[in-house]
Amino acid sequence: MKIILKLSIALILTIKVNLCFPQVIGKCFDNSGNPIPFLNISVKKSITGTVTDENGIFILKDDLQNDYDSLVFTHIGYKMQTVSSNSRDTIKVIMQLSEYQLREVNIRPSNYIFKKEKIIGTKTTSDHVVLSFLSNNLGTEIGKIIEVKKNEKYKIKIVYFHLSKFNFKNSTFRINFYKIDKNKIIDTTRANYSDIIKKVTSKGLIEIDVSNDNLEFENDFLVSIEWLDFTVQETNDENIENNILFSSTVFSGPLYFRGNNLLKWKEIKGGYKMGLGIHLSVKY
């Protein structure tokens with residue numbers, strides 16, 4: 001047990017809020033002037049990134065380089081937009097609808113007959129074997145590959161993960177799904193066509209119903225948890241550590257990670273091959 005505890009501590013990332021760095025501040029709108037929440041902003045050719053808040057506002061700390069050459073804005077249903085800026089003035093970005101969003105999307109029912117249900121992935125509620133996000137950027141993701149058995153097809157119903165520690169007042173996550181091609185390359189663009197958002201206020205088992213999202217997979221895929229925002233606890237204790245710890249198990253990995261949504265996925269094997277403790281209820 002002591003060995004496992006050491007592994008847990010090695011993967012914990014303590015989140016410290018520090019607004020002393022120079023910052024890039026902006027707001028993202030649609031064509032109607034409505035703010036776009038949880039839109040991804042990435043610094044091109046960098047691990048730096050963030051997301052807009054519920055009011056479409058973002059703050060990007062300038063702690064890694066002197067000037068941002070290009071900021072890339074992406075969101076489901078909108079065209080990718082790149083903005084060059086080395087100014088500290090407030091940036092205003094108007095996103096354009098993508099072609100698939102402009103035309104009517106008809107979802108064809110699957111001919112596959114789903115007869116049974118089962119749990120897949122890694123089911124755990126451990127408080128001793130744990131891991132966390134590997135970056136303090138909003139928009140960072142950690143994920144797990146789910147293998148699809150031969151001649152089967154999975155329709156995702158519910159996503160589960162367990163928080164063993166949660167020291168924030170609240171935090172918001174987005175669940176994403178990514179296809180994997182025949183060469184085992186994980187796609188960097190989400191397979192789900194709508195945002196799957198969950199706000200969390202306490203530790204314990206988190207359950208997210210995705211049965212209406214028509215998520216069906218006949219090949220292996222990756223499911224991820226993306227960090228969107230947080231509110232720190234109101235306390236006079238300056239030494240409080242704000243962190244999020246996910247339950248894990250040994251030999252359930254590898255863990256997959258990326259710092260922003262422009263980056264390729266990285267495989268993190270680590271000691272004892274710890275993986276993200278996430279499991280899914282599926283029809284097959």
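Some notes on this structure:
- Count of region 150-188 residues which are farther than 20 Å from K269 by Cβ, of a type in the set (D, E, K, R) and without any contact (Cβ under 8 Å) to a residue 60 or more places away in the chain: 5
Every residue, every condition in (1) farther than 19 Å from L39 by Cβ; (2) part of a loop (DSSP other than H, G, I, E, B); (3) hydroxyl-bearing (S, T, Y); (4) open to solvent by 20 Å² or more (accessible area, probe 1.4 Å), yes or no:
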position	(1), (2), (3), (4)
K155	yes, no, no, yes
I158	yes, no, no, yes
K165	yes, no, no, yes
T172	no, no, yes, no
K184	yes, yes, no, yes
N192	no, yes, no, no
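- The single condition from (1) out of contact with any Gly (no Cβ under 8 Å at 6 or more places or on another chain); (2) assigned to a loop (DSSP other than H, G, I, E, B); (3) modelled with pLDDT of 95 or more that K150 fails is (3).
- Residue match in region 77-91 (condition: farther than 24 Å from S224 by Cα, at pLDDT 75 or above and open to solvent by less than 40 Å² (accessible area, probe 1.4 Å)): yes
- For region 108-147, the set of residues classified as of a type in the set (G, A, S) and either outside any loop (DSSP other than H, G, I, E, B) or closer than 24 Å to K184 by Cβ (or both) consists of G121, S135, G143, listed by residue number.
- Within region 139-165, tally of residues that are of a type in the set (A, V, I, L, M, F, W, C) and either more than 18 Å from D229 (Cβ to Cβ) or touching a His at 6+ places or on another chain (Cβ under 7 Å) (or both): 6
- Strands (runs of 3 or more DSSP E) contained entirely in region 1-51, each with at least 1 residues that are open to solvent by 20 Å² or more (accessible area, probe 1.4 Å) and either at pLDDT 85 or above or among the aromatic types (F, W, Y) (or both): 23-29
- S202 vs. criteria part of a loop (DSSP other than H, G, I, E, B) and under 22 Å from the mean Cα position of the chain (by Cα): yes
- Pairs where the first residue, in region 93-118, is under 30 Å from T82 (Cβ atoms) and modelled with pLDDT of 90 or more and the second is part of a loop (DSSP other than H, G, I, E, B) and of a type in the set (A, V, I, L, M), C-beta under 8 Å, 6+ apart: M95/I36; M95/L39
The values are calculated or read from the model by the stated rules, or taken from the named source; none is laboratory data. All of these numbers come straight from a predicted model, not from anything done at the bench. Counting neighbours? That spans all protein chains shown, and the Cβs are built from the backbone with ideal geometry, glycine included. All accessible areas refer to the heavy atoms of the entire protein, side chains included, with ligands and DNA or RNA removed. Shrake-Rupley method; radii C 1.70, N 1.55, O 1.52, S 1.80 Å.
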